[in-house]
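The values are calculated or read from the model by the stated rules, or taken from the named source; none is laboratory data. Values in this document were obtained by computation on a predicted structure and should not be read as measured data. Ideal geometry is used to build each Cβ from the backbone, glycine not excepted, and the neighbour counts take in all protein chains shown.
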Amino acid sequence: MSATFIVFVCTRLICGRIRRLEAQHMLEIDSRIDLELQEHRIINGLEPVVVAAIPTMKFDREAFSTMEDAQCAICLSEYQEKEVLRIMPKCGHSFHLSCIDVWLRKQSTCPVCRLSLHESVDSISVEPASEVTIETTSRSS
């Protein structure tokens, strides 16, 4: 029984690394394509300087209330300790820095709730954000 568990854990770790490497490769391809096609398309996303002004934090498992919160909704990978996350200003959703930066170059909304970031980033100064500590609170509907 314990051998099966060890095989399961090892398989999950290996698949996570493969998924992360594929995501990085796709990021490189998207970056090259974006640079080549930037002149020929209308950009609906945010300017890089505005994206850089959105707050970041290092992942700490204790700061997240559930394991569902500890997963990037873009790449579906679980956050690892000390990974840098970008926190959306109004809704508080978090994403891997590399995942959300690519998203925000193309879209100006939160990938989870679709809240527009145009209004919320207007209140943020256009200087690169320093890391912040986010305290999570329970949301009531």
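Annotation note: Cβ proximity below 7 Å between a residue of the range 40-57 that is part of a helix (DSSP H, G or I) and a residue that is modelled with pLDDT of 85 or more (sequence gap 6+ or interchain) occurs for V51/D101; V51/L104. L97 meets the conditions (1) in the same structural domain as C113 (by TED's automatic domain parsing); (2) modelled with pLDDT under 80; (3) among the hydrophobic types (A, V, I, L, M, F, W, C) in every case but one. The failed one is (2). Among the numbered conditions (1) surrounded by 13 or more Cβ atoms within 10 Å (Cβ to Cβ); (2) modelled with pLDDT of 85 or more, the only one that A63 does not meet is (2).
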